[in-house]
Amino acid sequence: MPQAISIRPQHPTPAQLLRHLGLALAFVFALATVAQAQSGHPQSFADLAEEVSPSVVNITTTTTVASRLDRGGPQLPEGSPFEDFFRDFFDGPRGEQPNRPRRNQALGSGFVISEDGFIVTNNHVIEGADEIRVEFFSGLELQAELIGTDPATDIALLKVSHDAPLPHVPWGDSEASRVGDWVIAVGNPLGQGFSVSAGIISARGRALQGNFDDYIQTDAAINRGNSGGPLFNMDGEVIGVNTAILSPTGGSIGIGFAMSSNVATNVVDQLLTYGSTRRGWLGVRIQDMTEEMAEAIGLERAEGAMVTEVMDGPSKDAGMQAGDVILNFDGGPVRDTRMLVRRVADAGVGVDVDVIVFRNGEEVALNVVLGQRELAEAAGSLAPAPATPPEPSSYLGMELEPLSDALRAELDLPRGMNGLVVRAVEEDSDAARKGVAPGDLITEANQQPVSTVADLEARAEEAREAGRRSLLILLRRGGDPRFVALGL
């Protein structure tokens with residue numbers, strides 16, 4: 001018979017029990033740590049909110065609004081028989097003055113960036129204000145002085161005076177932030193002061209409507225009144241200035257925008273130093289490259305910014321030409337026009353920069369001393385060139401007519417202007433698909449001047465012989481030049 005074997009459980013010693021318990025606790029703690037890391041959600045924002053709130057301010061502005069009479073009511077001679085009637089109609093019965101000048105109030109947010117009381121907010125929060133008051137988390141209220149504004153980025157700088165140093169927050173590096181990072185917004189939404197909302201960075205590098213836009217998109221709740229308030233990273237650094245929301249209702253739907261700190265700090269530094277901005281100016285009009293445009297001029301990649309017009313100023317002095325493609329500015333590559341505009345503006349005024357352009361199949365190095373954009377705007381240098389209305393011949397799906405003296409006068413064009421006016425465009429042509437329209441003026445083809453249809457045909461034949469599938473033409477519409485690559 002098989003022998004029966006008795007198996008008895010062995011009882012662990014106290015030391016073994018403690019060791020197993022320690023391993024189990026460590027395992028549970030590790031699981032909790034992994035779960036928290038996977039969720040990415042901080043346990044609480046309370047410490048951060050407590051740290052930064054003293055530096056955030058509510059902003060109240062007061063603006064005087066003229067009465068209807070002050071804004072253009074009927075002006076009657078004193079003693080007129082209708083004087084009393086119109087006064088009652090516009091100002092109400094005697095003794096009541098509902099239409100006398102009113103004082104409107106608006107609310108916004110801001111944040112202190114130095115212990116001596118400099119405050120950043122949005123330009124639209126304080127624009128046109130007669131009086132600006134700020135309220136601190138502690139209850140302290142102070143009157144603010146406007147130092148300077150920049151409507152282009154919607155940034156404004158204020159200053160308050162106080163006997164004691166004021167709590168303030170540091171700027172952070174918005175370029176170091178990543179999509180998915182946690183952020184908090186602090187401000188005065190809908191008049192509910194010192195409110196905190198949390199979310200993540202949804203996107204970076206958003207452009208809304210300005211040349212210098214670089215917005216951080218966030219789903220942290222931002223509402224009216226949050227404007228001008230700070231967007232913080234988890235280190236308590238300001239990486240954005242809350243500016244706008246996308247909403248069909250006027251309330252937060254989780255799409256808010258904050259101007260990046262890397263743009264805001266540059267603007268604030270200029271406002272501190274000069275009281276206004278001083279942006280660099282190249283003196284050219286530019287457009288983005290397309291694959292067809294690049295192929296038409298023999299450029300390997302559709303990168304850079306093509307120069308459509310060179311104005312009197314820095315670039316013309318440096319020898320830049322219409323048709324040049326700016327590939328490199330001040331030692332860094334240029335991807336597109338938006339990047340170039342930002343980098344030129346940030347480079348400063350009077351700065352000597354190296355610019356590399358692609359011209360006639362090769363790279364050309366130029367040296368440009370940047371001008372000041374604000375002065376160029378004031379002088380009208382950035383205004384569109386004279387308007388160019390519509391007018392015929394026939395090639396590449398377009399009816400074309402060479403400019404004559406009579407046509408120049410009719411279209412109000414300068415005497416020296418030459419080119420071909422587009423009279424009509426065939427509906428199914430490549431020109432129509434590329435947006436060429438009657439009234440456009442063709443001044444160049446393959447970066448060479450054209451004044452007759454024969455010139456245009458010759459440029460097209462040269463492009464074919466070079467093995468190219470497109471002809472690059474320079475159009476002017478309403479004074480605004482742009483390049484278009486037409487299929488051959």
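Once fully extended, how much extra length lies between Asp428 and Glu410, figured as 0.36 nm per residue of separation less the alpha-carbon to alpha-carbon distance? Walk me through the numbers on the way to the answer.
Numbers: separation 18, 0.36 × 18 = 6.48 nm, distance 2.94 nm.
Net length gain for the segment: 3.5 nm.
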Report the label-to-label distance for Glu291 and Glu141 in nanometres (one decimal), using points 7 Å from each Cα along the Cα→Cβ vector.
-> 6.3
Subtract the Cα-Cα distance of Ile253 and Leu190 from 0.36 nm times their separation in residues, and report this length gain in nm to one decimal.
-> 21.2 nm
Long-range amide H partners of Ile286 with built H, under 5 Å | Thr308
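Just so you know, all these numbers are worked out from the coordinates, no wet-lab data involved. Small disclaimer: the values here were computed from a predicted structure and weren't measured. Here the Cβ is made from the backbone with ideal geometry for all residues, glycine too, and neighbour counts use every protein chain on show.
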